[in-house]
Amino acid sequence: MLQPSINSFIDWRQVLPLLDVEAKEGSMPMIVRCPLCRAHQLTIYDDNRFGGNWHYCNNCKSSGDLIVLASKVWGVSILQTILRLADAGATIPEKYVTDQQIAKYESRYAGLQEACKKMLWNATYDMHANRTRVRSAITSMALLMDPLQPSWPKRMGRFMGGASRGDVYKAIFNRPELSFGVLSKTGRVLDKAGWRDVIVIPFHTLPQQCATLLFYGIRGMEGLSTDLHVIDCGPGVINRRVESGLCMYDVLCDKLTDPYGFGNVAFVFNDPIVALRLQARHMRDTSQPLPLVSSRTGEFTRGNSTVTLTSQDVWTTCPKKQYIFWNTHMAPEIFDSAAMANGLVCISPIPETMTRQAPHTVLSFIQQNARPWMVVLDEQLQLLNEEEAVEFIRSLLMVPECLQQFRRHCSTKIQELLDRNSGKIHSLSTVQIKKKTIVESDVGWFINDRKPECVSNAVIRMVKILCDADDEDAEPIVSGFVLYDKKSYPFQTTLSTINKNAGSWLKKFLLRVAGELPVVRNSWNTDLFDIARQFHEPQVVVDDKRFGWRPKKSCFRLPQFSVNIHGEIDDTPADIVEEFSPGTELGPPVLGQDIGPLLCDTPANRLFWAAISCLCANILAPAIGKRTAGIGLVGRGSILVGRSAAFACGSAELRAGCISVTTQDKTARRIDEITGRHNWPLVVSADGGGGHKMTLSTWLNGAYNRNIVTPLGVDLSYIAGILGPWRFIRENTPIAASMAIHEIGKFVIPHWLKCICENQLKLPQGDSYIQQIAMSLRKTFNLHGDASLISKGADLVDDGSADPENSALQFVRLLMEFLQRGRMRFVHEGEHKKNAIPKIVRIAADSQRPAVFVGKDALHTVLANHTLVFPDHQKITEALQIAGALRDECAYNGDNGWLIDDEWWHLQVEKCHE
Ligand SMILES: [Zn+2]
């Protein structure tokens, strides 16, 4: 292992004062007075490659690290300099302040840089003087210039030279004690048979700081060959990623006049030969180079070790430049560099005129076509398929912040692509938390350490935080998904649940949805929320979460679309979709979707349209100021088809169970809450057993809005009818919903909503509201076939919802039902049969008109025998009063009850038999 440079342990704050150089804290690089030549032209740089600081004087051309600078100022050896710096309190670790370590530093850092500088200077003049045999290599490279020309050293000679292998070895190994033979074996540079003299092209990371050497030469039969030497920068290399430096770096420091209007722009090619050719052509006529440099990035293998050459930090050395990166095709390294330089990118084939036009014209063309790297990257990614795009992003080496910044600013399409695949994209997946680096991969979150440590093997992705616009005290909801074992599990939970202890929540969640217990390090339980948030900042959405008719916006809104009063469709999906949100499966109306099969006259289709008419009646009711009515499904056939129709309309289902009194209250509140939130019919189902008869007891008796669809027994349907507005569909024959209902039933509502809105909610003529609804449905679908079946279906609806006397009629029907089944008995006054059967008594006293007495105890007894809901007595009284049927409330034979007009009673009984 190579030792680090001793210069990397100290910085300018320690060294410059010792050299009587005044320097103030500020951004780097900084310019100070040169202690060697006194010119105010000494630039101090941060040295990102070898560590510490670097100096370069634009006046006296002194360069090197600060130990070298101090050594020059003090006029003493490197050894003496380091000892003196250490004595003065410079922070050099003691183990490096030994003769041996200092000798190593001198040989491999300070001395090596000096040796390279010297070798490069010699190479320039050796080539110029034709002392090296590289002419055929130059010809092969098509540089089209003659090194023998007098102006050459000051022109292209600045960027290249010719050297023998011996010269190269002497410089880059800086081991004078070793022979050429030994070096050529150990060095593994230019070591294959056939190498002779080579063209040397240096890449610099700072002025006169050599980082990489590129060699060109004719190698035996192979012809023109290249080789590369990367100057090692010690153990500081991260992931074997090494700054390559720039070819023609000097032009960045040159004070150029600006005849072509490039301003502070510097052009960066990724192919040094193309760049050198263009520069060489330009410099045939001038000593002033174009602002053109070249990087050389990519993988580089030497023996067993591979390093990745990048251009990441070199841009910071000339921060005022606006860099434009040009390449013929989309390559990850272009964007990596451009991201770090915050530069522009131009991807275009070599302009045809490149070889003919003036080089500065070529650069102007590139400048005109360059745009910010994020824009170009976005565009280029859109040209790829998803797999290719992900692969491309994965190959980027840019720091996570850059990619995360790109994610925030790119197009929605690419953003969604990134989010879908963030588990696969390492750069999108590193955050700092508790001073640790957390990495996200497709197997979870890890602490990035020499030995990676699992934080959680599931990843929480919070997509949105949903706030209730109606209720600021309401707990915000977090929606997103959990990635576990390569599967995605969507979730919605309250902010406080996940924020309090995300680890505990995650375990419970995955146990529930996947039957798996994830690994979560307990000490990180409460940090998972922050980790999740850092990886992906959720979008905050304020919404009222309501569906159905929206009076304020005059539109019908469903999770996937909304349609306004003019019939215009907005297919922006809603952000908040909850368990009881209706219409989750209903998409915007699709032109040409045929519902013809639903118009065939079959028993199932008739029932379907009966139910649809009732459902549509409730969906439209709040928009046109009508009351909703309960939809009661009575009998097997009615239940089977009616439920399917309700689900086809997007109704959510509440399963209500038990029969305890508290549950009845809870159920009532729950139903009211859901139907109050969404103007949409809700399916209420009983869970098991006969409990359902009582489940709705509180709700039926209360003054709740009746927007539900529910199966009811015959008796219960009458009780319901006493207590509120209902529409019933009665069919005992077990008719199953057809495939057509299951498959195309869901297209009915979207089309109808669009149609009804296009007519500004105006209904066609009809005998009743339900018939009007049926007519509007017919109008919607009459292009799909003969739609008259819809009206026939609507005729099946037992609709008393608009009749004020209906409640009283339902009361009579209930009693008739009991009488017919022998559960009650109708007797005349004086007939005192002593049995326990509850009785309805006809009283015909001479002084009064005859009346029918229904006792409350008698009614209670029969209801209790059937475990049926007790209707509120007051409601029965009111119903009879409204119908003008109540003679009196009185006692008879010790039972309180209702005295009902006999004539009215008989009229109703006749109606029941119709
Ligand atoms: Zn100087």
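The values are calculated or read from the model by the stated rules, or taken from the named source; none is laboratory data. Because the structure is a prediction, the values reported are computed rather than measured. All Cβ positions, even for glycine, are placed from backbone atoms using ideal geometry, and neighbour counts span all protein chains on display.
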Restricting to segment 865-901, give me the number of residues that are surrounded by 15 or more Cβ atoms within 10 Å (Cβ to Cβ), hydrophobic (A, V, I, L, M, F, W, C) and assigned to a strand (DSSP E or B). 4
Can you name the number of the only condition in (1) at pLDDT 90 or above; (2) of a type in the set (Val, Ile, Thr); (3) out of contact with any Phe, Trp or Tyr (no Cβ under 9 Å at 6 or more places or on another chain) that Val168 fails? (3)
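Listed here are the residues, each with its yes/no results for (1) touching a residue at least 60 places away in the same chain (Cβ under 8 Å); (2) assigned to a strand (DSSP E or B); (3) under 40 Å from the mean Cα position of the chain (by Cα).
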| site | (1), (2), (3) |
| --- | --- |
| Ile273 | yes, no, no |
| Leu278 | yes, no, no |
| Arg281 | yes, no, no |
| Thr301 | no, yes, yes |
| Leu309 | yes, yes, yes |
| Glu333 | yes, no, yes |
| Ile350 | yes, no, yes |
Output the qualifying pairs, or none if there are none: Cβ atoms under 8 angstrom, residues six or more apart or on different chains, first residue in segment 678-693 and closer than 30 Å to Arg550 by Cα and surrounded by 20 or more Cβ atoms within 10 Å (Cβ to Cβ), second residue modelled with pLDDT of 85 or more and among the aromatic types (Phe, Trp, Tyr). His678/Phe547; His678/Phe580; Asn679/Phe547; Asn679/Trp549; Trp680/Phe547; Leu682/Phe580; Val683/Phe647
If you take the residues of segment 42-90 that are part of a helix (DSSP H, G or I) and within 16 Å of the ligand (Cβ to nearest atom), which of them is farthest from the chain's Cα centre (by Cα)? Trp74
Cβ contacts < 8 Å: first residue touching a residue at least 40 places away in the same chain (Cβ under 8 Å), restricted to segment 53-69; second residue near the ligand (Cβ under 10 Å from one of its atoms) and in a helix (DSSP H, G or I), any location; separation 6+ or different chain. Result? Gly64/Lys72
Answer with yes or no whether Ala574 is within 17 Å of Ser776 (Cα to Cα) and either in contact (Cβ under 8 Å) with a residue 24 or more places away in the chain or in a helix (DSSP H, G or I) (or both). no
Among Ile433, Ile460, the single one that is surrounded by 15 or more Cβ atoms within 10 Å (Cβ to Cβ) and either modelled with pLDDT under 85 or acidic (Asp, Glu) (or both) is Ile433
Would you be able to say whether some residue in segment 79-90 is among the basic types (Lys, Arg) and either modelled with pLDDT of 95 or more or closer than 19 Å to Ala115 by Cα (or both)? no
Ala885 versus (1) in contact with a helix residue (DSSP H, G or I) (Cβ under 6 Å, 6 or more places away or on another chain); (2) among the hydrophobic types (A, V, I, L, M, F, W, C); (3) free of Cβ contacts under 8 Å to residues at least 60 places away in the same chain; (4) under 21 Å from Ala720 (Cβ atoms): which is the lone unmet condition? (3)
Looking at (1) of a type outside the set (Asp, Glu); (2) at negative phi; (3) under 39 Å from the mean Cα position of the chain (by Cα), can you tell me which one Gln765 breaks? (3)
Here is a list: Leu290, Leu276. Which entry is within 18 Å of Gln367 (Cα to Cα) and crowded, with 20+ Cβ neighbours inside 10 Å? Leu290
Which listed residue is of a type outside the set (Asp, Glu) and more than 23 Å from Leu418 (Cβ to Cβ), from Phe556, Phe529: Phe556
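In segment 559-575, which residues are of a type in the set (D, E, K, R) and either touching a Cys at 6+ places or on another chain (Cβ under 9 Å) or closer than 16 Å to Asn679 by Cβ (or both)?
The answer is Glu568, Asp570.
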Quick check: is even one residue across segment 227-246 surrounded by 14 or more Cβ atoms within 10 Å (Cβ to Cβ) and modelled with pLDDT of 95 or more? yes
Which count do you get for residues in segment 311-331 that are farther than 22 Å from Leu278 by Cα, free of Cβ contacts under 8 Å to residues at least 60 places away in the same chain and under 32 Å from the mean Cα position of the chain (by Cα)? 0
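So that you can scan it fast, the table gives a plain yes or no per residue for (1) closer than 30 Å to Phe215 by Cβ; (2) buried (at least 21 other Cβ atoms within 10 Å of the Cβ); (3) in contact with a Gly (Cβ under 9 Å, 6 or more places away or on another chain):
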position	(1), (2), (3)
Leu69	no, yes, no
Gly89	no, no, no
Ile92	no, yes, no
Asp99	no, no, no
Gln113	yes, yes, yes
Trp121	yes, no, yes
Thr124	yes, yes, yes
Complete set of residues in segment 322-335 that are closer than 18 Å to Glu243 by Cα and either surrounded by fewer than 24 Cβ atoms within 10 Å (Cβ to Cβ) or modelled with pLDDT under 90 (or both): Ala331, Pro332, Glu333
Take the residues in segment 1-30 that are assigned to a loop (DSSP other than H, G, I, E, B) and within 16 Å of the ligand (Cβ to nearest atom), then tell me which one is farthest from the chain's Cα centre (by Cα). Asp20
If you check Asp473 against the conditions, is it exposed (fewer than 15 other Cβ atoms within 10 Å of the Cβ) and among the acidic types (Asp, Glu)? yes
Kindly provide the set of residues from segment 255-273 that are under 16 Å from Gly343 (Cβ atoms) and surrounded by 15 or more Cβ atoms within 10 Å (Cβ to Cβ), ordered by number. Phe262, Val265, Ala266, Phe267, Val268, Phe269, Asn270
Could you tell me whether segment 365-379 includes any residue that is surrounded by fewer than 14 Cβ atoms within 10 Å (Cβ to Cβ) and in a helix (DSSP H, G or I)? yes
Quickly run through segment 828-860 and pick out the residues that are in contact with a Lys or Arg (Cβ under 9 Å, 6 or more places away or on another chain), free of Cβ contacts under 8 Å to residues at least 24 places away in the same chain and either within 21 Å of Pro871 (Cα to Cα) or surrounded by 15 or more Cβ atoms within 10 Å (Cβ to Cβ) (or both). Glu829, Ile837, Lys839
The lone exception for Arg407 - which of (1) in contact (Cβ under 8 Å) with a residue 12 or more places away in the chain; (2) outside any helix (DSSP H, G or I) it fails: (2)
Could you pull out the residue among Arg33, Arg38 that is over 21 Å from Asn174 (Cβ atoms), within 14 Å of the ligand (Cβ to nearest atom) and without any contact (Cβ under 8 Å) to a residue 12 or more places away in the chain? Arg38
Given the structure, is Ile347 closer than 23 Å to Cys318 by Cβ, of a type in the set (A, V, I, L, M) and modelled with pLDDT of 90 or more? no
Can you run down the residue pairs with Cβ atoms below 8 Å, 6 or more apart or on separate chains, where the first is in segment 738-767 and over 17 Å from Ala621 (Cα atoms) and of a type in the set (S, T, N, Q) and the partner is assigned to a loop (DSSP other than H, G, I, E, B) and modelled with pLDDT of 90 or more? Ser738/Thr602
